[in-house]
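Notes follow once the structure below has been shown.
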Amino acid sequence: MGLLQDKTIIVTGAGRGVGKYIALMAAAEGANVVVNDLGAGVSDQKADTGPAEEVASEIRAAGGRAIADTHSVADWDQAHAIVENALDNFGQLDGIVNNAGLLRDGIFHKMTKEDWENVISVHLNGSFFVSRAAAAHFKMRATGSIVHMTSTSGLVGNLGQANYAAAKMGIAGLSRSISIDMARFGVRSNCVAPWAFTRMTGSIPEDNPLYQERVAMLDKLSHGQKVAPLAVALLADSANGITGQIFGARANELYCFSQPRPVHTAHESTGWTAQAIAETAFPQMQRSMTPADTSPSYFNWNPV
Ligand SMILES: NC(=O)c1ccc[n+]([C@@H]2O[C@H](COP(=O)([O-])OP(=O)(O)OC[C@H]3O[C@@H](n4cnc5c(N)ncnc54)[C@H](O)[C@@H]3O)[C@@H](O)[C@H]2O)c1
């Protein structure tokens, strides 16, 4: 018996990279897998049935059960069609990995409206649309596990990724909200921050030395294989009780991330004036403030 024996799992963006390895491992653990991937290009959202079908065929060739699905997660109706596809083919749905994504990096003062909207649309809207499409089914069966891909680009910060950081922090909030709202129906929701060298990380602009170093290190870490066990473990019933959390997988290291909580309180019995805040509260709080650093300040060693 596999960890996901006879469960049905949707993995979005599973034609390549991290999602592909999650789909392969979910199938190897006994799941029926809906391999969703629009087959998007690096710089466009044009459809290509190739990547999803290749991964689904690979699963079937190994004796597993999988179908390819090429709907876009970024569209409300198509997201519902992905869930319908799972139900029509396998009769039930037990888990979702919201993994589909893209990058449109750019320094903030030059970021275009289109680059902002594309990234928010696929990552944040897509994660909401697919999760929401499954909510009634999960509620009816009083079960369900959702795994969302977040990123330290949002959780910590990174240069030139305002659109991506906003989407990935939004996904952390979305996951937390689902975990709270759906707990009464036995539905769990968690985030994973992955590290892997994929087509996506390969598209990070190379004119920034910080990124050149980071991408070179990612290439040594993993191409997605090291992220799959964490996603599969979160989908499994053995993770019951684990919800609303943010984890990370980087080569052979796993992380559990903190989430924002008040770390300092300042009280003024007569109420705060702006001047008193500047003169008293801010200096007091200085030692509790978060430094203006970025993700590579924390993840700068080669753990392989
Ligand atoms: N690779 C990393 O180090 C890293 C770091 C942090 C977060 N992530 C996150 O992990 C996830 C997977 O990233 P990856 O590196 O494997 O990227 P990838 O580019 O290799 O794979 C993403 C897949 O999503 C698909 N896709 C794009 N738009 C879609 C849409 N509208 N509908 C359905 N599919 C769509 C693409 O066709 C592609 O195959 C993403 O959410 C990404 O933000 C990756």
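Tabulated values for the structure
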quantity: Index of the failed condition, PHE197 passing every other in (1) more than 15 Å from the chain's Cα centre (by Cα); (2) more than 16 Å from the ligand (Cβ to nearest atom); calculated: (2)
quantity: Test result for GLY144, on the phi > 0 side of the Ramachandran plot and buried (at least 22 other Cβ atoms within 10 Å of the Cβ); calculated: yes
quantity: THR8, sole failed condition from (1) surrounded by fewer than 19 Cβ atoms within 10 Å (Cβ to Cβ); (2) more than 16 Å from the ligand (Cβ to nearest atom); calculated: (1)
quantity: Close pairs from the stretch 1-21: first more than 27 Å from LEU124 (Cβ to Cβ), partner in a loop (DSSP other than H, G, I, E, B), Cβ under 7 Å, at least 6 apart; calculated: MET1/GLY30; GLY2/GLU29; GLY2/GLY30; LEU3/GLU29; LEU3/ALA236; GLN5/GLY30; ASP6/GLY30
quantity: Qualifying residue in the stretch 175-190 (condition: more than 17 Å from TYR298 (Cα to Cα), aliphatic (A, V, I, L, M), surrounded by 24 or more Cβ atoms within 10 Å (Cβ to Cβ) and under 10 Å from the mean Cα position of the chain (by Cα)); calculated: no
quantity: Scope the stretch 41-77; condition near the ligand (Cβ under 9 Å from one of its atoms) and loosely packed, with under 13 Cβ neighbours inside 10 Å; matching residues; calculated: GLY41, VAL42
quantity: So ILE96, is it buried (at least 23 other Cβ atoms within 10 Å of the Cβ), closer than 24 Å to SER258 by Cβ and among the aliphatic types (A, V, I, L, M); calculated: no
quantity: Residue, nearest to the ligand (Cβ to nearest atom), within the stretch 78-113, restricted to residues that are within 27 Å of THR243 (Cβ to Cβ) and of a type in the set (Asp, Glu); calculated: GLU84
quantity: Elements of type helices (runs of 4 or more DSSP H) in the stretch 205-304, at least 2 residues being modelled with pLDDT of 90 or more and surrounded by 11 or more Cβ atoms within 10 Å (Cβ to Cβ); calculated: 228-235, 282-285, 295-298
quantity: Filtered residue count, the stretch 24-40, keeping only those that are within 13 Å of the ligand (Cβ to nearest atom) and without any contact (Cβ under 8 Å) to a residue 60 or more places away in the chain; calculated: 3
quantity: Qualifying residue in the stretch 43-52 (condition: small (Gly, Ala, Ser), touching a helix residue (DSSP H, G or I) at 6+ places or on another chain (Cβ under 6 Å) and assigned by TED's automatic domain parsing to the domain that holds SER127); calculated: no
quantity: Answer from ILE120, ILE59, ILE96 - the residue that is under 19 Å from the mean Cα position of the chain (by Cα), of a type in the set (Val, Ile, Thr) and within 26 Å of ALA239 (Cβ to Cβ); calculated: ILE96
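The values are calculated or read from the model by the stated rules, or taken from the named source; none is laboratory data. Bear in mind the structure is a predicted one, so any value in this text is a computation, not a measurement. In this analysis, Cβ positions are derived from the backbone assuming ideal geometry, glycine residues included, and neighbour counts consider all displayed protein chains.
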